[in-house]
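Following: one structure in structure tokens, then a few remarks.
The values are calculated or read from the model by the stated rules, or taken from the named source; none is laboratory data. Here the structure is a predicted model, which is why all the values come from computation and not from measurement. Note that each Cβ is placed from the backbone with ideal geometry, even for glycine, and that neighbours are counted across all protein chains shown. With ligands, DNA and RNA removed, areas are computed over all heavy atoms of the protein, side chains included. Shrake-Rupley method; radii C 1.70, N 1.55, O 1.52, S 1.80 Å.
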Amino acid sequence: MIDRRTFLALTGTALILPRASLAADITPEAVFNDPDAPAMGNPKGDVTLVEFFDYQCPYCKSNHPVVEQVMKEDGNLRVVMKDWPIFGAPSVYASQLVLGAQSMGKYQTALEALMATKGKLSNAQIESVLSAVGVDPKQAEAGYKANRKQIDALLIRNDAQAVAIGLRGTPAYIIGRDVYPGAVDAATLRNAIKTARAA
């Protein structure tokens with residue numbers, strides 16, 4: 001666990017982490033409550049878990065059932081999914097289609113399907129996986145194109161936040177005031193949620 005003192009100090013003021021020209025000013029509100037970032041679990045939960053992830057990241061995929069388990073156990077947890085497609089063009093394409101699937105009401109279906117795939121992805125495989133769970137890739141792409149400015153801006157914000165926080169890869173979780181890089185077990189997540197809830 002990384003206990004970022006700079007993140008600890010977030011009390012509504014801007015967090016400024018100098019990191020060459022990529023530094024960005026972020027606030028807790030920007031990280032936890034971006035209106036365009038998909039959220040699962042309890043939308044009014046008293047604790048928010050933020051996950052930065054990539055659909056080609058093997059650790060994101062293997063750890064996803066753990067996050068799901070904890071989310072289902074805890075009826076008062078909100079989980080914000082931050083697409084951070086850092087593994088190349090197929091990752092970007094996957095993010096675009098899954099975020100585009102929101103317009104069809106099938107975001108979580110698309111997310112779960114791609115998180116359950118193994119290994120690297122190709123565009124054709126992404127389309128095949130989505131089709132198999134009833135998400136028409138053409139409709140998802142149309143949803144992306146119809147909301148392109150909003151979705152592209154979200155992906156840019158996600159990247160800027162990840163860089164400003166100092167994340168080095170996926171997955172990475174933010175719970176309360178702490179950053180947890182890499183795959184984490186259910187007990188770690190539960191303890192982090194408990195700590196955040198008590199703060």
Of all residues being without any contact (Cβ under 8 Å) to a residue 12 or more places away in the chain and open to solvent by 70 Å² or more (accessible area, probe 1.4 Å) in the range 134-155, which is nearest to Ser95 (Cα to Cα)? Just the residue, please. Arg148
Quick check on Val47: is it farther than 19 Å from Ala162 by Cα and crowded, with 17+ Cβ neighbours inside 10 Å? yes
Just to verify a result, which residue in the range 26-37, among those that are within 15 Å of the chain's Cα centre (by Cα) and assigned to a loop (DSSP other than H, G, I, E, B), is surrounded by the fewest Cβ atoms within 10 Å (Cβ to Cβ)? Pro35
Within the range 156-166, can you find the residues that are surrounded by 17 or more Cβ atoms within 10 Å (Cβ to Cβ) and under 21 Å from Gln96 (Cβ atoms)? Arg157, Asn158, Asp159, Gln161, Ala162, Val163
Could you check, for the range 138-154, whether at least one of its residues is out of contact with any Asp or Glu (no Cβ under 7 Å at 6 or more places or on another chain), under 22 Å from Arg168 (Cα atoms) and of a type in the set (Asp, Glu)? yes
Report, by residue number, each residue of the range 38-80 that is closer than 12 Å to Met115 by Cα and part of a strand (DSSP E or B). Phe53
